[in-house]
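Have a look at the structure below, then the notes.
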Amino acid sequence: QVQLVESGGGLVQPGGSLSLSCAASGISFSADFMGWHRQVSGKEREMVSVSTRNDVKVYAKFVNGRFTISRDVAQNTVSLQMNSLEPEDTAIYYCYVKHSGTEYWGQGTQVTVSA
């Protein structure tokens, strides 16, 4: 059974930084995609950043150079370094894996950006 466990969320002031990490277990393959989505309260879940198995990195436009995704294909881990956080980044952040058309999600970790 595939399990994704996130860590690293929390409360940070505007302009601050947070790092999210996700460890995938129960995976016997190198996933096609690993990354992060988020859901702002009252809105639909949206992609933040994903990394392909060949280390191609994709970012949402709102990231605007502030976030950096890192992936260890061999260890099945993915991290997201978030800098220059804004109140609009407040959301639940979900670790995401997609392989051969099947999606897997973590339980989510809350990120709150507030003074």
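The values are calculated or read from the model by the stated rules, or taken from the named source; none is laboratory data. From a predicted model like this one, the values you see are computed outputs, not experimental measurements. When we count neighbours, we look across all protein chains shown, and the Cβ atoms used for this are built from the backbone with ideal geometry, even at glycine. Each accessible area value is taken on the protein alone, full model and side chains, heavy atoms only, with ligands, DNA and RNA left out. Shrake-Rupley method; radii C 1.70, N 1.55, O 1.52, S 1.80 Å.
Details
- Think of a 1.4 Å ball rolled over the protein heavy atoms: the chain then has 52 Å² of accessible area per residue.
- Backbone N within segment 81-115 under 20 Å of label point (7 Å from GLN1 Cα along the Cβ vector): 95-99, 102-109
- Note on LYS98 and ILE27: their simple-model spin labels are 1.4 nm apart, each label 7 Å out from Cα toward Cβ.
- Over all orientations, segment 27-115 has a Cα convex hull whose mean projected area works out to 6.1 square nanometres.
- When you filter the chymotrypsin sites (Phe, Trp or Tyr not before Pro) in segment 18-74 for DSSP loop state and at most 13 other Cβ atoms inside 10 Å of their Cβ, you are left with PHE29.
- Within the shell defined by Cβ-Cβ distances under 15 Å, the residues around ASP32 carry a net charge of +2, with Lys and Arg each +1 and Asp and Glu each -1.
- Contact order for the chain, expressed relative to its length and based on alpha carbon pairs under 8 Å spaced 6+ residues apart, stands at 37 percent.
- Nonpolar atom fraction for the chain, defined as the carbon and sulfur part of the 1.4 Å probe accessible area, stands at 46 percent.
- Note that segment 23-39 has calculated 3J(HN,Hα) couplings of 10, 9, 10, x, 10, 10, 9, 8, 4, 4, 9, 9, x, 9, 10, 9, 10 Hz, one per residue in order, obtained from phi through the Karplus relation 6.51 cos²θ - 1.76 cosθ + 1.60 (θ = phi - 60°); glycine and proline are x.
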